[in-house]
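Bear in mind that the values in this text are calculations on the coordinates, not laboratory data. What you see is a predicted model; the values in this text were computed from it and never measured. Cβ coordinates were reconstructed from backbone atoms using ideal geometry, including for glycine residues, and neighbour counts include every protein chain displayed.
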């Protein structure tokens with residue numbers, strides 16, 4: 001099973017930090033608002049954040065009323081930022097891979113994951129582990145790169161016109177699931193492609209009930225402010241799912 005830890009690569013880490021500091025970063029403009037829109041009432045709830053990164057979401061969960069938050073991440077560098085910048089008496093961070101969730105003894109009311117599950121090879125195991133960590137009636141809420149994005153075996157994503165405007169997305173190899181090696185900040189970043197039906201079936205087979213799915217796109221105002229976001233008209237970047245145990 002994949003245990004990739006690309007975020008502890010110093011070149012990648014520095015590049016990612018620069019990317020996230022951009023005020024027009026898609027994480028902040030598109031993905032995070034969608035993720036939080038799916039959240040149930042967190043008052044007095046126990047939360048696990050899988051792939052917590054800098055811990056920004058962990059702090060937000062406390063502000064939303066959570067009684068305790070555990071942030072889990074494989075990256076030591078990411079957790080160093082979390083410990084230095086996003087702490088609270090009710091937040092604890094643990095350095096652990098998503099592949100080892102079965103080693104956790106605690107139970108949680110809500111489990112979140114932001115843009116992490118597409119790094120995992122054995123999605124079925126991950127979903128079963130998450131299911132087992134939830135209290136009955138609990139929720140698993142996660143975002144991932146959209147399957148239309150992960151599908152391509154090459155990074156020839158767009159066809160453009162003579163004015164270099166994107167006119168359509170070059171969707172290929174959607175039905176061919178498995179490993180994808182991409183260049184994102186550095187070469188050789190490994191992600192895993194799964195079709196939409198495979199994702200839903202894994203959740204269903206584990207016992208989850210799908211409550212809601214989102215494929216968020218920016219508002220017209222955002223598209224006008226940042227013209228590159230007009231690409232969302234052709235293809236969303238993110239898929240988000242809220243599932244209940």
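The slack in the chain from residue 76 to residue 36, taken as 0.36 nm per residue of separation less the alpha-carbon distance, amounts to 11.9 nm.
Any chance you could give the angle, 0 to 90 degrees and rounded to 10, that helix 196-206 forms with the longest Cα principal axis of the chain? Relative to the chain, helix 196-206 is tipped by roughly 10 degrees. Cα centroid separation, the stretch 172-241 to the stretch 20-46: 16 Å.
Treating each Cα of the stretch 176-245 as one equal point scatterer and applying the Debye formula with no solvent, the log10 of I(q)/I(0) at q = 0.15, 0.19, 0.22 Å⁻¹ comes out as -0.75, -0.97, -1.02. Considering only 26, 175, 34, the mean-square fluctuation computed in a Gaussian network model of the chain, springs between alpha carbons under 10 angstrom, is largest for 175. Of all DSSP bridge pairs formed entirely within the chain, close to 50 percent run antiparallel. Taking a ≥ b ≥ c as the square roots of the eigenvalues of the Cα gyration tensor, the stretch 44-115 is oblate, since a/c reaches 1.5 or more and a/b is not larger than b/c.
The simple Förster model, with R0 at 51 Å and r as the Cβ-Cβ distance, assigns residue 104 and residue 162 a FRET efficiency of 0.40.
Arranged from highest to lowest average of other beta-carbon atoms within 10 Å per residue, in what order do the peptides 137-146, 180-189 appear? Write down the numbers at each step before the final one.
On the way: 137-146: 21.4, 180-189: 13.5.
Packing proxy ranking, top to bottom: 137-146, 180-189.
Two decimals is fine: what's Rg over Rh for the stretch 1-141, C-alpha atoms, Kirkwood radius as Rh?
Working: Rg = 14.4 Å, Rh = 15.4 Å.
Rg divided by Rh gives 0.94.
Apply the a/c threshold of 1.5 to the C-alpha gyration tensor of the stretch 1-77 and tell me whether it is rounded, prolate or oblate. Oblate shape, in that a/c is at least 1.5 and b/c is the bigger or equal ratio. Annotation: extensible slack from residue 20 through residue 225 equals 72.0 nm (criterion: 0.36 nm per residue apart, minus Cα-Cα distance). Sorting 60-68, 125-133, 152-160 by their mean Cβ neighbour count within 10 Å, with the most densely packed peptide first, gives 125-133, 60-68, 152-160. Using a Gaussian network model of the chain in which every pair of alpha carbons under 10 angstrom is joined by a spring, one finds that among 50, 222, 91 the greatest mean-square fluctuation is at 222.
Peptides 106-119, 207-220 ranked from most to least packed by the mean count of surrounding Cβ atoms within 10 Å: 106-119, 207-220.
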